[in-house]
Amino acid sequence: MKTLPKNWIAEGLIDFEYKKYQLLAYLQETNQQFDAAKLYPVLGELIEHHRLLDDLKKGKSEMKSLFPKAISSIDVQNAKIHYQPRENEGELMQEIANITEYALPLFSQQIHKGKEIY
């Protein structure tokens, strides 16, 4: 069975369409394993991939919150200051974010399917 490397999202060409193709090919392989009622090691790998992507997403948002921000407006009535980031997210990071947002629900669905079989 073809496996998906742990660092598949950052390995090789970082392009949404290419990574989408890689992911869908891997999920097709896992479907074949599930159809044959084979859960090991596929289900564990799916859970690990989901956890890694979720950690990446959380770490990215935590890192983003640490960067300096500029004041965009002040709401005197509610005593709030609104900020906007000084630096725009790079194209590469945006592409990784798009891939992550696409992949997480697919991994969740596949994990759910594996748990149903279990």
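Values as computed for the structure displayed
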| read-out | value |
| --- | --- |
| Rounded to the nearest 10 Å², the accessible area of residue 73 at probe 1.4 Å | 50 Å² |
| Area of residue 47 that stays accessible when all protein chains are in place (1.4 Å probe, Å², to 10) | 80 Å² |
| Accessible surface of the chain [probe 1.4 Å, protein heavy atoms]: carbon and sulfur percent | 54 percent |
| Calculated [θ] (222 nm, deg cm²/dmol) that DSSP helices of n ≥ 4 give over the chain, each run adding -39,500 (n - 2.57) | -21500 deg cm²/dmol |
| Kirkwood hydrodynamic radius of the chain, Cα pairs, Å | 16.4 Å |
| Per residue, in Å², the accessible surface of the chain once ligands and nucleic acids are set aside, probe 1.4 Å | 70 Å² |
| Note, ³J(HN,Hα) from phi for segment 80-95, Karplus 6.51, -1.76, 1.60, rounded to Hz, x at Gly and Pro | 10, 10, 9, 10, 9, x, 6, 9, 7, 5, x, 4, 5, 5, 5, 5 |
| On Cα atoms only, tilt of 42-66 relative to the major axis of the chain in degrees | 10 degrees |
| Cα long-axis angle, helix 16-35 against the chain (0 to 90 degrees, to the nearest 10) | 40 degrees |
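The values are calculated or read from the model by the stated rules, or taken from the named source; none is laboratory data. Note that the structure is a prediction, hence the values are computed from the model and not measured. Protein only, heavy atoms only, side chains kept; ligands, DNA and RNA dropped before computing areas. Shrake-Rupley method; radii C 1.70, N 1.55, O 1.52, S 1.80 Å.
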